[in-house]
Amino acid sequence: MAVLPICIAPDPVLRKKAKRVRSVDGSIHKLIGDMIETMHAAPGVGLAAPQVGIPLRVIVIGIPEQEEITLINPEIVRRRGERVVNEGCLSVPGYIGELKRAESVTVKGRDQNGKEIRIKAEELLAQALEHEIDHINGVLYTDRLESKDDLRKIEPEETEAEEKEL
Ligand SMILES: [Zn+2]
């Protein structure tokens, strides 16, 4: 496994609609391993393949003290409720934004073995799933801010902001 460089906005790969994975083969397993290592090294709680320059529909999520989740070709099938969250992105370093996300989401996709899975999520996991699925559609959280005033610079001493980087 290897730590890959993270693409930073306005890199055009972040704006492409990523392609579906047709078969979960060795190259996809290698990509997933590298993405998990890159996410932990950043550190971040989620990463989408376009953030490491690969325009494929693959995401990984690693919330502290929870098992890592890998999803291939994920789709949100249901969104419920609305809440205001703080969010940052490894591809938009140094900033944090306030925006609305769902209270809960249901996502379907395939796991790292190609098996179909469905996840119902709340709180940070729901937020991370929405954020990473936005990435594979070429969307950044900054697109979802109601106004520019909702984006602010992270202060150097603000270490908990790291927990919000996706
Ligand atoms: Zn991001």
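Miscellaneous remarks
- Taking the range 36-131 and dividing mean pair separation by its residue count, relative contact order in percent (alpha carbons under 8 Å, at least six apart): 22
- Degrees between helix 123-136 axis and first principal axis of the chain (Cα, 0 to 90, nearest 10): 70
- The residues of the chain expose on average 54 square angstrom of accessible surface per residue, using a 1.4 Å probe on protein heavy atoms.
- The chain: most fluctuating residue of 32, 59, 117 per GNM, C-alpha cutoff 10 Å: 117
- Apportionment of accessible area to carbon and sulfur, the range 1-47, percent (1.4 Å): 61
- Computed over the chain with a Gaussian network model linking Cα atoms closer than 10 Å, the most mobile of 135, 40, 29 is 29.
- Measuring nothing but how far apart in sequence close Cα pairs (under 8 Å, 6+ apart) lie, relative to its length, the chain scores a relative contact order of 26 percent.
- Ligands, DNA and RNA left out, the 1.4 Å accessible surface of the range 70-150 is 38% carbon and sulfur atoms.
- A simple spin-label model places pseudo-atoms 7 Å from Cα toward Cβ; at residue 157 and residue 65 they are separated by 2.6 nm.
- Considering helices alone, the calculated mean residue ellipticity of the chain at 222 nm is -6000 deg cm²/dmol, with DSSP H runs of length four and up weighted by -39500 (n - 2.57) and normalised per residue.
- The angle between the Cα long axis of helix 26-41 and the main principal axis of the chain comes to about 30°, on a 0 to 90 degree scale.
- Translational D in µm²/s for the chain (Stokes-Einstein at 20 °C, 1.002 mPa s, Kirkwood Rh from C-alpha pairs): 136
The values are calculated or read from the model by the stated rules, or taken from the named source; none is laboratory data. From a predicted model like this one, the values you see are computed outputs, not experimental measurements. Using ideal geometry, Cβ is built from the backbone for each residue, glycine included, and neighbour counts are taken over all protein chains shown. For accessibility, only protein heavy atoms count, side chains too; no ligands or nucleic acids. Shrake-Rupley method; radii C 1.70, N 1.55, O 1.52, S 1.80 Å.
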